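The values are calculated or read from the model by the stated rules, or taken from the named source; none is laboratory data. All figures in this text were calculated on a predicted structure; none of them were measured in a lab. All Cβ positions, glycine included, derive from the backbone under ideal geometry; neighbour counts span all protein chains shown.
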C-alpha cells in the first residue's frame, strides 16, 4: 500500500465510522510492512546488536573459514571474537551515566514580564512602607508595624533582575522533578542512550496513564514511522507504529477493559499460524537466542497517525458588555437561536488531530479513537505531537549509521588477524636442532627425548651407541619460528588505533596514559577525543529536551483537577508537590536542557570558584551547598545568592567598619573633649585650688593673724592678767598688808584689850 491508498483523513467526525477506523490502522501497518528499506533496516539492527554482544556470524568470515568453498577442520586455532567495539560503547555508557541531566523550566506566557514588574513594584512599595514604619518607630510613633530590616529599592531592582523566578516556573520545575522521580526518567534515558550508540536510533513513548504522565523506552527494532527526509524528531511526523510480540497474558493485563470474552478466548487459540507469519521473528533467529520465540507470541501493533478534525469559531458582540467575543466549538455544532438573534457568525477550520488504534493477532481491532491527551499549541491549534518520539543519528540523504556500524569493519578485520596470529603462534616451533634418529640414547623412546628437548632445551644423545657413526658436526639447525608474528601484532595495534581514532575514544580517554606522556599532552588528547563524540551527546540531549517538554505538557492534561504529593529527589531530599490545576493548565512552559559536556566543565569551574570565595569570607556551608549542586544553574543561583550574601556581609562589615570608625572618631572626639574638659577642669581645679589655696593662705593668714591676735590678746590678757594679778596681788598684798596691819592693829588692839582685860581682871582679882 502507498500513501495514495490510505483512507481520506479530511472527514467530519460523523463519517469516521468503524470501517474507516480499521482501514486506517491496516493502511499504516501495510505501509510499514511493504517498505523495502524497513526490512533492510531490521536486518541491519540485528547485525549491530549481535556485533556488540560478540556474536560471530560465520557469513562474515566465509573466505577465511571456507576458502575455495570448502570447510577447513582440525586447525590449531578457533575463530573467536575479540571485542574492540564493546569497550568503546561501554565507556560512552559510563560517561553518559555520570553526566548530569539538568533542565530549567521557564514561562513563555505573554504576561510573564508584566507579572515580574508587578511583583517588583509591590515588593518595592512594601519595603518603602516598612522603611517609613521603621522611621516612625524611631521617632516614637506607633504605626502598627513591627520594625524590621528590608532591602532598599535599588537592591530590590538588582535582586529581581538576577534571581527572580516566576512562581509558575517553580511549579513547572517541581512538576517535572516529580514526574522524573516517579518514572525513573534518567535511568530510562540511559537505556535509550544504549540503543542510540548501538543502532544509531532511539525511541520513547510518552503519555498519560493512571492519572499521571508515563514514560517508556522502546526497542528500535519495534518501531517504524514516517521517513520524511526533513524529519528530525518522530513526534513531528505524520505517523508511527510500535510492533511487539507478547504473550496472551500480557495482552489481557493491558487491554482487559477493551477486550470481549470471545476475544480473550481467541487469544489462546493458535489459529494454525504459530509464529511463522511473523517476519520480525527472524531477528535473532540465527543467533544464540534462536529459541526465544518457541512459545507462542502474539503480534500487537499500536498505530498513531495525524488525521483531520473540523473545529468552529463562533464570533459575536456581547449584548451586555458590547465587547467582541469568540468561542471554539466542536464538529457537529449547530448554531442556537439565541446566538443567531444577536448576529453570531460561525466559521469552520480544519486542523490536525492525533489518532490511535491497536491491532492484535492480525485480526482484533480495539481502541481506535482520537488520542485522549492531545499536545496542541496554544498559538496554533493545528500543531500537534505524536506520543512516540525518537531520532536517528545520521540519515540525511543516506542510510542511517551508528557507532557500532562504523566499527564493524574494524572488528571483523581484528578478529581475522587475531585468528591468523594464533595460527602463527601454533605453527611457530622456534629454532630446532635436527638429529639423526639413531642418536637417541638407548632405552629412550621418542616421547622422552622430546620431553627433554622441549622442557630443558637440551637434546641428550649417545655417540657411543652401537652403529652410530655420526659426530656432533653432522647435526643441523632448523629455524621454525614464524617471522610474521610481530607483523601481526603491529597490524592488530594499527587496527585498534584506527578504530579508536574513528570512534573518538582514544587510549588516553580510556585511562591508558603512557609513562612518558606529559599531563598537558594527555589532556589535549582527551579534549580532541571529546570533540569527536560530542555530536553524539548533543543530538541525544536535544531529544531529551523534547521528551521532558512532552512530560510536562502531559502533566497538565493528567492533573486537570490539581495534584498534591511528595517525592524523593535523587539527592535523597524529600520534596512536596502542590499544583493548582488552573494555573498549571494556563501556563505555557519552556524546557531548556543544558549541554551535559559543557555543563560538567562549567560545574567544575563554578565549584572551584565557590571554594575560592571561602577565602573572601564566604561561609563554608554555602560552599558545601555548591558542591552538592548537580547543575550549573543551581550553582549559579547559589553563587549569586552567595554573592548577595557576601555583598551584604561586606556591606555589614563596611557598615561595621564605618560605625567602628565613627565610634573611634566619636571616642577620639570624646577623648579630646574629655581631655579639654579635664584640662579645663584641671585649670578650674588649679584655679579653684589656687583660690582655695589663696583662701586657705588668706584664711591661714587670718587664722595666723587671729592666732597672733589671740596670742597677743592672750599675751595681753596674760599681761593684763599678770598686771591685774600683779595689781590684785599688789592690792592683795596691800590688802594683806592693810589686813595684816589692821590685824596687827586689831591684834594689837585685841592684845591691848586682852592686856587691859587681863590687867583689869588682875586688877579685880587684885582687889
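Would you mind stating whether residue 280 is modelled with pLDDT under 95, crowded, with 17+ Cβ neighbours inside 10 Å and assigned to a helix (DSSP H, G or I)? Spell out the reasoning first.
Numbers: modelled with pLDDT under 95: yes; crowded, with 17+ Cβ neighbours inside 10 Å: yes; assigned to a helix (DSSP H, G or I): yes.
When the stated conditions are applied, residue 280 passes them.
With at pLDDT 95 or above and surrounded by 16 or more Cβ atoms within 10 Å (Cβ to Cβ) as the only criterion, which of 42, 21, 46 stands out? Spell out the reasoning first.
On the way: 42 fails: at pLDDT 95 or above; 46 fails: at pLDDT 95 or above.
Result: 21 is the single residue among 42, 21, 46 that is at pLDDT 95 or above and surrounded by 16 or more Cβ atoms within 10 Å (Cβ to Cβ).
For residue 287, work out the one condition from (1) in contact with a helix residue (DSSP H, G or I) (Cβ under 9 Å, 6 or more places away or on another chain); (2) part of a loop (DSSP other than H, G, I, E, B); (3) at pLDDT 55 or above; (4) over 22 Å from residue 366 (Cα atoms) it doesn't fulfil.
(3)
Can you name every residue in region 67-91 that is modelled with pLDDT under 65 and assigned to a helix (DSSP H, G or I)? Can you show your working first?
Residues of region 67-91 that are modelled with pLDDT under 65, as a first pass: 68-76.
Listed by number, the residues that qualify are 68, 69.
With respect to residue 176, determine if the residue is at pLDDT 95 or above and either in contact with a strand residue (DSSP E or B) (Cβ under 7 Å, 6 or more places away or on another chain) or closer than 30 Å to residue 404 by Cβ (or both). Reasoning before the result, please.
Values: at pLDDT 95 or above: no; either in contact with a strand residue (DSSP E or B) (Cβ under 7 Å, 6 or more places away or on another chain) or closer than 30 Å to residue 404 by Cβ (or both): yes.
Criteria not met by residue 176.
For region 310-352, which residues satisfy the criterion of being surrounded by 12 or more Cβ atoms within 10 Å (Cβ to Cβ) and touching a helix residue (DSSP H, G or I) at 6+ places or on another chain (Cβ under 7 Å)?
314, 316, 331
Does residue 27 satisfy being in a loop (DSSP other than H, G, I, E, B), surrounded by 11 or more Cβ atoms within 10 Å (Cβ to Cβ) and modelled with pLDDT of 85 or more? If you could, list the steps in order and put the result at the bottom.
Numbers: in a loop (DSSP other than H, G, I, E, B): no; surrounded by 11 or more Cβ atoms within 10 Å (Cβ to Cβ): yes; modelled with pLDDT of 85 or more: yes.
Criteria not met by residue 27.
Would you mention how many residues in region 352-367 are farther than 20 Å from residue 214 by Cα and either part of a loop (DSSP other than H, G, I, E, B) or in contact with a strand residue (DSSP E or B) (Cβ under 6 Å, 6 or more places away or on another chain) (or both)?
Initial filter on region 352-367 (farther than 20 Å from residue 214 by Cα): 352-353, 359-366.
Add one more test, that the residue is either part of a loop (DSSP other than H, G, I, E, B) or in contact with a strand residue (DSSP E or B) (Cβ under 6 Å, 6 or more places away or on another chain) (or both), and what stays is 352-353, 359-363, 365-366.
Qualifying residue count for the region: 9.
For every residue, the table says whether it meets (1) at pLDDT 70 or above; (2) part of a helix (DSSP H, G or I); (3) surrounded by fewer than 16 Cβ atoms within 10 Å (Cβ to Cβ); (4) touching a strand residue (DSSP E or B) at 6+ places or on another chain (Cβ under 6 Å).
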site	(1), (2), (3), (4)
469	no, no, yes, no
481	no, no, yes, no
494	yes, yes, yes, no
500	yes, yes, no, no
508	yes, no, no, no
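In region 353-387, which residues are surrounded by fewer than 18 Cβ atoms within 10 Å (Cβ to Cβ) and farther than 30 Å from residue 264 by Cβ?
Matches in region 353-387: 374, 376, 377, 378, 379, 380, 381, 382, 383.
Could you please tell me which pairs satisfy a Cβ distance under 8 Å, a separation of 6+ or placement on different chains, a first residue in region 582-596 that is on the phi > 0 side of the Ramachandran plot and buried (at least 17 other Cβ atoms within 10 Å of the Cβ), and a second residue that is part of a helix (DSSP H, G or I) and modelled with pLDDT of 85 or more?
none
So is residue 327 under 30 Å from residue 242 (Cα atoms) and either assigned to a strand (DSSP E or B) or touching a residue at least 12 places away in the same chain (Cβ under 8 Å) (or both) or not?
Values: under 30 Å from residue 242 (Cα atoms): no; either assigned to a strand (DSSP E or B) or touching a residue at least 12 places away in the same chain (Cβ under 8 Å) (or both): yes.
For residue 327, the condition - under 30 Å from residue 242 (Cα atoms) and either assigned to a strand (DSSP E or B) or touching a residue at least 12 places away in the same chain (Cβ under 8 Å) (or both) - is not met.
Do you know which residues across region 512-562 are at pLDDT 80 or above and in a loop (DSSP other than H, G, I, E, B)?
559, 560, 561, 562
Which residues, taken from region 384-402, are in contact with a helix residue (DSSP H, G or I) (Cβ under 6 Å, 6 or more places away or on another chain), within 21 Å of residue 551 (Cα to Cα) and assigned to a loop (DSSP other than H, G, I, E, B)? Even if it seems obvious, please write down each step before you answer.
As a first pass, look at region 384-402 and keep what is in contact with a helix residue (DSSP H, G or I) (Cβ under 6 Å, 6 or more places away or on another chain): 385-386, 388-391, 402.
Filter once more, keeping what is within 21 Å of residue 551 (Cα to Cα): 385-386, 388-391.
Residues satisfying the conditions are 385, 386.
Assess whether residue 555 counts as being within 20 Å of residue 173 (Cβ to Cβ) and under 22 Å from the mean Cα position of the chain (by Cα). If you could, list the steps in order and put the result at the bottom.
Details: within 20 Å of residue 173 (Cβ to Cβ): yes; under 22 Å from the mean Cα position of the chain (by Cα): yes.
Yes.
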